[in-house]
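To start, the structure under review is shown below, and the notes come after it.
The values are calculated or read from the model by the stated rules, or taken from the named source; none is laboratory data. Everything quoted here is computed from the prediction, not taken from an experiment. When we count neighbours, we look across all protein chains shown, and the Cβ atoms used for this are built from the backbone with ideal geometry, even at glycine. All accessible areas refer to the heavy atoms of the entire protein, side chains included, with ligands and DNA or RNA removed. Shrake-Rupley method; radii C 1.70, N 1.55, O 1.52, S 1.80 Å.
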Amino acid sequence: MVKKTLFDKIWDAHLVQSIDGGPDVLYIDMHYIHEVTSPQAFNSLRERGIGVFRPERTLATADHNIPTKDQHLPIKDQTSRKQVDTLAENCRAFGIEFFGMQHPNNGIVHIIGPELGYTRPGMTIVCGDSHTSTHGAFGAIAFGIGTSEVEMVLASQCILQYRPRRMRITVNGKTGKAVTAKDIILYIISRLSSGGATGYFVEYAGEAIENLSMEGRMTICNMSIEMGARGGLIAPDDVTFRYLEDIEKSGGRKITTAEREFWKTLHTDTGARFDREVKFDAADIRPMITYGTNPGMAMPVDGTIPEPGNDGNRDSYMKSLSYMGFKPGMKLEGHKIDYVFLGSCTNGRIEDFRAFASVIKGRKKSPEVTALIVPGSKRVEKQIYDEGLDSIFTEAGFEIRQPGCSSCLAMNEDKIPAGKYAVSTSNRNFEGRQGPGSRTILASPLTAAACAITGKITNPEEFL
Amino acid sequence: MPGVKFTVLESRCVPLPVENIDTDQIIPARYLTTTSRKGLGKHLFHDWRYDKNGEPVKEFVLNNPVYSGSILVAGKNFGCGSSREHAVWALYDYGFRAVISSFFADIFKNNALNNGLLPVMIPEENLRNLFMLIQQHPDMKVIIDLGHQLLEIPKTGKAIRFDINPWKKECLLNGMDDIDYLLTMKEKIEEFEKKHIIP
Ligand code: SF4
């Protein structure tokens, strides 16, 4: 028998047709949509006079531009409100399930899909959002698409795609105690660079990956796009199945026998060939932070900013450091910071709040720091209160906001002012990502918590 | 967007020799609240183009009267980051019809091709030479010939071949659209669904 990668098994099971000399017609099991990248697609459907082919395989949420305070009030910003209203209206018109602001199932699209049990192993999943790669944590082919492609999927439940190349990234061994999934993925991106996996679909493997919870695996797959990869996936195992069983038990989607049988086939065959194999040793990974304006510019929290290379990108590198107000050879540990953001589809899950709480418990937030603490979904928010984490946050001087993308892309009011430093658990440190002129330092929830306490860039190892 | 054609483009170039230009720079998130594809050109590269007070930043290339044209020439890994098609719409609305770089991010490339904005990928060394040439001769024109997959530089008499996936090339040359094609496949898709395992 031909030895196949997990990626190819899933791809082949969704192949409606291969076009000679052209792309494949790939069937899509689940299509997530949100307010920002869908309105133009619905407009085009209307212009063409067609409907949504499979509304039952489509799920909508409002997340990107909603406020994280006073969600019971109408959205203040007129254009944002119109965008969210347009989505609600489109969902009504085309028969799509929509979890709007304040709905108990509302939240960031990549948080609610998995937690509500829509994301399943072996699926193909798309969304007009680059971090759709998150869902790969369940052993699914999940990738971000543009609005024209959103329209394509709405119209036909299919997408035209060329099969990407396959890469396997293996992280062997065990990580240190302050090293989280976020540190693993920042480390990988720093080694491969922000464009280093372009054209590839990545499978993550190895002991350090297997040891992660589903939340941790989602964090890893989430950031695949930050090294240019089309997506990333992890073979489903008992951890995955238990997660889905828990959803079933709490009244969520049932697991059928056929599904369970199918899941067992979802692994890369021994001897299957990848176009590229990369191996890392978990013991080399430290708590990581970024120092530049792309996620590839990352180093250990107590590291020194490297000198520019000689490969012609010196100018871009120096431009990036100057934006951040840093210089080569600088250490950032102890550097003053102004903001901390806990949240986003990278680190806005309950486990991230537990991790943050474990550091701040019994301590006080630095008065110099403004903190934005934003659950990834209504369910996460509820769980924070159910578990009593809220009192740990409040006693330490933190205020918990309402769910949304918030400061991750600052489309709403949660903007970091120009020139200020924000230690952020999100996924992008681009110029102005968190508000015009904002300076983002990406980190894990543990590191972010340590920084929030001291008001400085701090190694979380000291707090554990 | 159905029916955008691209065949041959002759134009001057606008140089932007910065690497890893992400879609947040091309169009900052706060301009994504629109429900239309049009009108984003005025926000293209907003935070590089205008200062805090909304005044044009003189040094930025779009504000430099020396350079103009419908071809943007940019550094490696152009369009990385988010999947926002708004980045392509903004470039297109501003008047760009092609972007030349040594490397494009995947989603950006697909989005561009789906909107008739041609991503032209050339080797890094050619790109560096092109930047130098444009600086020396800001008014020189280049020709992008999609049918022959050639970037011609009359100034030097050189032509650089570029790759493009054959399907998208046909689509652009003929003003065809992926959705038109998929809509003809309905029966085949329904047949597929009948034997598909995932509920
Ligand atoms: S949290 Fe950030 S990265 Fe995730 S979907 Fe929202 S804006 Fe995108």
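Overview of values
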read-out	value
Compactness relative to 2.2 N^0.38 Å, alpha carbon Rg of region A:23-142	1.07
Over chain B, volume per residue of the alpha carbon convex hull, in Å³	141 Å³
Other-chain or far-sequence residues with amide H under 5 Å of B:I160's (modelled H)	B:L151, B:E152, B:I153
Neighbouring partner chain Cβ atoms per residue of A:149-162, average, 10 Å criterion	5
Residue-span extension gain [A:D12 to A:T79] - 0.36 nm each, minus C-alpha spacing	19.9 nm
Peptide A:255-268, shielding by other chains (average Cβ, 10 Å cutoff)	1
Centre separation in Å (Cα based) which lies between region B:23-72 and region A:29-65	28 Å
Value of [θ]222 nm, deg cm²/dmol, for chain A, DSSP H segments ≥ 4, -39500 (n - 2.57) each, nearest 500	-9000 deg cm²/dmol
Long-range HN-HN contacts of A:S444 with modeled amide H, under 5 Å	A:M288
Taking all pairs of distinct alpha-carbon atoms in region B:1-61, Kirkwood radius in angstrom	14.1 Å
Burial ranking of peptide ranges A:332-344, B:64-76, A:84-96 (average Cβ count within 10 Å, highest at the top)	A:332-344, B:64-76, A:84-96
Label-point separation, B:S68 to A:E89 (7 Å along Cα→Cβ), nm	3.9 nm
DSSP beta bridges in chain A [antiparallel fraction, %, rounded to 5]	25 percent
For region A:182-294, radius of gyration divided by Kirkwood radius, i.e. Rg to Rh on alpha-carbons	1.01
Rounded to 5, percent antiparallel among DSSP beta bridges of chain B	50 percent
Carbon and sulfur %, accessible surface of chain B computed with the full protein complex present, 1.4 Å	51 percent
Solvent-accessible area per residue, Å², over chain A with all protein chains present [probe radius 1.4 Å]	33 Å²
From phi via Karplus (6.51, -1.76, 1.60), per-residue ³J(HN,Hα) for region A:71-76 in Hz, x at Gly/Pro	5, 6, 8, x, 5, 5
Pairwise burial A:B, computed as accessible area of each alone minus the pair, summed, 1.4 Å, Å²	5300 Å²
Centroid-to-centroid separation of region B:119-137 and region A:181-231 [C-alpha atoms, Å]	33 Å
For region A:289-463, projected area of the alpha-carbon convex hull averaged over all directions, nm²	9.2 nm²
Per-peptide average of other Cβ atoms within 10 Å, ordering A:107-116, A:318-327 highest first	A:107-116, A:318-327
Choice from B:F162, B:F78, B:F96 showing the highest fluctuation, given a GNM over chain B with Cα pairs closer than 10 Å	B:F162
Value of [θ]222 nm, deg cm²/dmol, for chain B, DSSP H segments ≥ 4, -39500 (n - 2.57) each, nearest 500	-8500 deg cm²/dmol
For B:F45, distant residues with modelled amide H under 5 Å away	B:I27
Simple spin-label estimate for B:N165 and A:S213 in nanometres, 7 Å along Cα-Cβ	3.8 nm
Prolate/oblate/rounded label for the protein assembly as shown (Cα gyration tensor, a/c 1.5)	rounded
Value of D in µm² per second that Stokes-Einstein yields for region B:38-89, Kirkwood Rh from Cα pairs, at 20 °C (1.002 mPa s)	169 µm²/s
Residue-averaged beta-carbon neighbours from other chains (10 angstrom radius) around B:134-141	0
Fraction of accessible area attributable to carbon and sulfur, region A:27-173 (%, probe 1.4 Å)	48 percent
Antiparallel %, DSSP beta bridges [both residues in region A:1-141], to 5	20 percent
Residue of B:P166, B:P28, B:P138 that the Gaussian network model of chain B assigns the largest fluctuation, springs spanning Cα pairs under 10 Å	B:P166
Spin-label pair A:K327/A:K254, simplified geometry with 7 Å Cα→Cβ offset, distance in nm	6.8 nm
Potential lengthening between B:S36 and B:K194 on full extension [0.36 nm per residue; Cα-Cα distance subtracted]	53.2 nm
Dimensions in Å of region A:1-286 - Rg and Dmax from alpha carbons	19.1, 60
Rounded to whole Hz, the Karplus (6.51, -1.76, 1.60) HN-Hα couplings of region A:268-276, x for glycine and proline	6, 5, 4, x, 5, 9, 9, 6, 8
